1. Treat each spin label as a single point 7 Å out from the Cα along the C-beta direction, and report the GLU272 to ARG164 distance in nm.
2. Full-extension gain between ILE116 and ALA217, please, as 0.36 nm times their residue separation minus the C-alpha to C-alpha distance.
3. Per residue, how big is the convex hull around the C-alpha atoms of the range 76-289? Give it to me in cubic angstrom, could you?
4. With both bridge residues required to lie in the range 76-289, what share of the DSSP beta bridges run antiparallel, to the nearest 5%?
5. Taking a spot 7 Å from the Cα of ALA153 along the direction of its beta carbon, which residues of the range 245-261 have an amide N less than 17 Å from it?
Amino acid sequence: MSPPDAPADAVPAPLPDFGSGTRPDPGVDGSAGGAGRSTDHEDTLDLRLPDELIALFDAGPSSAAAAAAAAAGPASGTDPVAGHGQLAPGDSAGLPASGTSAGDDLLDGVAEWGPITTPAGPFQLVPVRVERDLPLICRWMNDPAVAAFWELAGPQNVTEDHLRSQLGGDRRSVPCLGVLEGVLMSYWEIYRADLDPLARHYPARPHDTGIHLLLGAVSDRGRGLGSALLRAVADLVLDKRPACARVIAEPDLRNIPSVTAFLSAGFRFSAEMDLPAKRAALVIRDRSLRDLM
């Protein structure tokens, strides 16, 4: 999903886990901050269900069924695309998607997070409106460089089904367009990794928040833009979600530019993971290390 921000042969070496003790265990590092933490043993899974997941089942059979059905969905990859667009008159970047607010999703109101300043200019996440955004997103998904990782190429209904499954679900994933200086130039998914099927494959912690990114035009690639936006959005998540201690991502290991972009954005390499559709790199941006990386 993320853009190629460095040559393929310029991938930095995996960053070491911070901590005391012996050489880090080769398994998944689940430490929230790393600093001062012993690496003599693996972290273990916290088996307590998050309060939000418990609430879904307390709400009744229909909500529980919806949660179970959503849990069967695949995790997406990350990659670059081609195409730019602009917001139409009246579609202000500050307007949330219809029906989306802080009270009806599990991500503290992404629609209300507002604009941020980045090295590339003012940037904002705008929740997707299918009627407005489907043609653009579908065109991006049909770029061959994207299709190899997202696997959403084809007619518009393929992309539409993917978007509506998120918009009509429990809102543990919010699909967004990235607007840079008024230009629609990227597609993002901000999701609750601890409530996602991904949580079966790593030591998830409550409120872990994941990022998927698909960058726009060829002109936006290879110049550090993806890394700059990934860093800015990860820090935005940490600022707007006080309960979240870690932002995570799982780019395909074959997608060297994507892995490079995340590492350049202050994420640390934690482990390799075998997911249903890919072998991925688990990368983590820790709240406690954000000022150091």
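All of the numbers you see were taken from the coordinates with simple rules; none came from a lab. From a predicted model like this one, the values you see are computed outputs, not experimental measurements. All Cβ positions, glycine included, derive from the backbone under ideal geometry; neighbour counts span all protein chains shown.
1. Using points 7 Å along Cα→Cβ, the separation is 4.0 nm.
2. Working: separation 101, 0.36 × 101 = 36.36 nm, distance 2.13 nm.
Stretched fully, the ILE116-ALA217 segment lengthens by 34.2 nm.
3. Details: hull volume 23.8 nm³, N = 214.
Roughly 111 Å³ of hull volume per residue.
4. On the way: 37 of 41 bridges.
Among the beta bridges of the range 76-289, antiparallel pairing accounts for roughly 90 percent.
5. Residues 255 fall inside that zone.
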